[in-house]
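The values are calculated or read from the model by the stated rules, or taken from the named source; none is laboratory data. As the structure is a computational prediction, the values presented were derived from the model and not from experiment. A quick note on method: Cβ atoms are made from the backbone with ideal geometry, for glycine too, and the neighbour counts reach across all protein chains shown. Only protein heavy atoms, including side chains, enter the accessible area calculation; ligands, DNA and RNA are left aside. Shrake-Rupley method; radii C 1.70, N 1.55, O 1.52, S 1.80 Å.
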Amino acid sequence: MRIAMVGTGYVGLVSGACFAEFGVEVVAIDNDRGKIESLRAGKIPIYEPGLDEIVERNISAGRLTFTTDLGSALHGVDAVFIAVGTPSRRGDGHADLTYLFAAAEEIASKLEHGTVVVTKSTVPVGTCRRLQQLFTKLRPDLKVEVASNPEFLREGSAIEDFIRPDRVVVGVEGERARQVLDRIYRPLNLIQTPILFTTLETAELIKYATNSFLATKVTFINEMADLCERVGADVQVLAKGLGSDRRIGTKFLHPGPGFGGSCFPKDTTALLRIAEEASVPLRIVESVVAVNEGRKRNMVRRIIQACGGSARGLTIAVLGVTFKPNTDDIRDSPSLVIVPALQAEGADVRAFDPEGMETGAAELPGVTWCEDAYQAMEGADAVVVLTEWNVFRALDLERAKALLRRPILIDLRNIYEPAEMVNAGFSYSSIGRPILQSDHQRQRDPVADVEREAV
Ligand SMILES: NC(=O)c1ccc[n+]([C@@H]2O[C@H](COP(=O)([O-])OP(=O)(O)OC[C@H]3O[C@@H](n4cnc5c(N)ncnc54)[C@H](O)[C@@H]3O)[C@@H](O)[C@H]2O)c1
């Protein structure tokens with residue numbers, strides 16, 4: 001099998017490299033010349049654990065090549081996958097299909113008889129059919145089959161997700177597309193991965209339904225965390241009790257500052273637009289989007305309250321700016337709302353992120369970027385854990401306390417135990433757990449009283 005992968009971003013590069021690992025011959029194309037040059041020089045432009053090894057191995061084996069030249073790349077391929085970005089359209093939240101249709105038009109003139117066009121990008125219902133019409137118009141000489149093959153990988157564990165997926169979803173109409181995709185994914189038969197063949201529309205919608213359901217789970221546990229705080233319950237234990245029910249499952253039940261990232265925010269909003277066009281109200285997803293937006297702003301209030309009610313003139317250390325650990329992706333990360341809001345309230349922000357500082361620096365002006373967590377805490381009035389990178393899980397608490405002006409730690413990812421933090425002498429607040437304080441602290445720490453009242 002020989003395929004072309006258009007777009008070498010998080011999805012295109014991982015999928016291309018993993019298909020090569022399956023034994024398929026892959027040519028990966030991007031119109032970003034710099035990216036292709038880096039890749040050819042063996043440099044991976046994104047941070048994704050394990051990706052460098054797979055790319056290197058498959059380049060050496062001659063199964064993976066990179067080019068900017070679509071024309072030569074499409075010669076003799078069985079399928080061309082489109083994995084370009086489909087971000088939120090500014091202003092209305094529809095999926096922006098500009099890159100997708102631009103790529104499709106380029107592809108159209110180079111298509112050969114029998115090449116199947118596959119959308120890997122997340123696209124609204126009806127997009128594959130629109131592509132089909134476009135190819136019919138531009139290439140009346142060919143019968144082009146379009147297939148939908150949405151991708152479910154998670155950044156940070158993308159390789160494992162791609163190589164051992166829970167399922168593969170394929171939307172097809174014609175027999176040729178079905179056969180080609182069946183052959184490409186054949187190695188997954190060995191591990192008995194369900195390959196779900198369905199219609200174009202169903203495949204397209206499964207992707208949005210999946211992300212919206214997961215976003216709903218996250219939002220649900222976040223609201224439960226708020227309730228726990230009010231009634232004196234512990235959301236960590238609640239999540240365990242809830243998630244141990246196999247009908248529910250433990251995944252995506254981690255309370256935090258609200259979901260972000262390159263997919264959930266844009267896909268939930270795009271699903272709402274799809275539903276509006278179909279005149280079908282999706283009240284649950286509407287609430288999820290609204291609650292999540294409000295939550296990020298609430299986190300700012302929570303931080304300020306933990307600092308004593310005002311951020312003016314304070315220095316706040318922020319640990320983590322990416323939307324989750326093990327990625328350098330900062331798209332729609334809660335940090336993009338929380339950090340500027342703290343600055344607007346008069347705080348200076350010092351930040352450290354193991355992989356996200358380069359992307360962070362472009363999006364978060366005015367932040368002092370530090371070499372590690374300890375440098376970020378130097379002279380700060382409080383420290384906020386925004387992303388649960390492993391390096392933040394075992395901080396030297398004595399050293400942290402000595403560096404901070406006040407020992408205030410706001411843990412928006414619940415990576416520490418309240419009792420441990422109180423014993424270590426911190427004024428500690430987290431999400432959905434009772435605030436514990438030593439008697440000693442209660443007597444001498446007015447900041448903590450403000451915090452307790454606020455929560
Ligand atoms: N990032 C994820 O975790 C994830 C997971 C599942 C699905 N998706 C979906 O996959 C799609 C891609 O997402 P991503 O995060 O990989 O995006 P990305 O922005 O990281 O990568 C897109 C790439 O496409 C390239 N590109 C754009 N137009 C092109 C053209 N005409 N020819 C060649 N290259 C072109 C860009 O230069 C870029 O390198 C989106 O629809 C997204 O919703 C993403």
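Note on the range 210-296: percent of Cα-Cα distances in each 5 Å bin, starting at 0 and stopping at the bin with the largest distance, equals 3, 15, 24, 22, 18, 12, 6, 2, 0. Taking amide H positions as modeled 1.01 Å from N, with prolines and chain starts lacking one, no residue 5 or more places away or on another chain lies under 5 Å from VAL123.
For the range 109-125, the Karplus equation 6.51 cos²θ - 1.76 cosθ + 1.60, evaluated at θ = phi - 60°, returns couplings of 6, 9, 5, 10, 4, x, 6, 8, 9, 10, 8, 9, 4, 7, 10, x, 4 Hz by residue, with Gly and Pro reported as x. Against the chain, whose longest principal axis comes from its Cα atoms, helix 10-21 is set at around 60 degrees. The smallest convex shape that holds all Cα atoms of the range 51-202, its convex hull, gives 137 Å³ per residue. Ordering LEU190, GLY76, GLY23 by the projection of their Cα atoms onto the charge dipole of the chain, which places +1 on the Cβ of Lys and Arg and -1 on the Cβ of Asp and Glu, puts LEU190 at the extreme positive end. If R0 is taken as 35 Å, the Cβ-Cβ distance between GLU286 and GLU56 corresponds to a FRET efficiency of 0.20.
Translational diffusion coefficient, Stokes-Einstein: compute it for the range 256-338 using the Kirkwood radius over C-alpha pairs as Rh, at 20 °C and 1.002 mPa s, and state it as an integer in µm² s⁻¹. Answer, rounded: 149 µm²/s. The modelled label-to-label distance between ALA361 and ASP69, using points 7 Å beyond Cα along the C-beta direction, is 3.5 nm. Modelled label positions at ARG178 and ARG33, each set 7 Å beyond Cα in the direction of Cβ, lie 4.5 nm from each other. Helix 175-184 and the longest principal axis of the C-alpha atoms of the chain enclose an angle of approximately 50°.
Full extension of the chain between GLU420 and ARG89 yields a length gain of 114.6 nm, computed as 0.36 nm times the residue separation minus the alpha carbon distance.
Work out the FRET efficiency for LEU227 and ASP141 from their Cβ-Cβ distance, taking R0 = 45 Å, and round it to the nearest 0.05. Efficiency computed from Cβ-Cβ geometry: 0.10. Surface composition of the chain: carbon and sulfur make up 50 percent of the accessible area, probe 1.4 Å. Across the range 306-318, rounded Karplus estimates of 3J(HN,Hα) from the backbone phi angles (6.51 cos²θ - 1.76 cosθ + 1.60, θ = phi - 60°) give 5, 8, x, x, 8, 9, 4, x, 8, 10, 10, 8, 10 Hz, Gly and Pro being marked x.
Stokes-Einstein, applied to the Kirkwood radius of the range 321-380 over Cα pairs at a viscosity of 0.692 mPa s and 37 °C, places its translational diffusion at 283 µm² s⁻¹. Extents of the range 4-90, taken as max minus min of Cα coordinates on every principal axis and listed largest first, are 42, 31, 22 Å. Global dimensions of the chain from alpha-carbon coordinates: Rg and Dmax equal 24.1, 83 Å. For the chain, the antiparallel share of DSSP beta bridges with both residues in that region comes to about 5%. Ligands, DNA and RNA are left out, and with a 1.4 angstrom probe the accessible area of the chain is 44 Å² per residue. Take the Cα of LYS251, go 7 Å toward its beta carbon, and the backbone nitrogen atoms of the range 164-185 under 17 Å from that spot belong to 164-170.
Karplus-based coupling profile of the range 40-45, in residue order and whole Hz: 5, 7, x, 9, 8, x, with θ = phi - 60° in 6.51 cos²θ - 1.76 cosθ + 1.60 and x standing for Gly or Pro. Taking THR119, THR210 and ordering them by how much accessible surface each has at a 1.4 Å probe, largest first, produces THR210, THR119. Using the Cβ-Cβ distance between GLN133 and ARG154 with R0 = 45 Å, the FRET efficiency computed as 1/(1 + (r/R0)^6) comes to roughly 0.85.
Put a plus charge on the Cβ of each Lys and Arg, a minus charge on the Cβ of each Asp and Glu, and nothing anywhere else: the dipole of the chain about its Cα centre is then about 760 debye. Taking the longest Cα principal axis of the chain as reference, the axis of helix 200-231 is set at about 10 degrees. Label the range 266-404 by shape, choosing from rounded, prolate and oblate, from the square roots a ≥ b ≥ c of the eigenvalues of the Cα gyration tensor; if a/c is under 1.5 it is rounded, and otherwise prolate applies when a/b is larger than b/c, oblate when it is not. Prolate, since a/c reaches 1.5 and a/b exceeds b/c.
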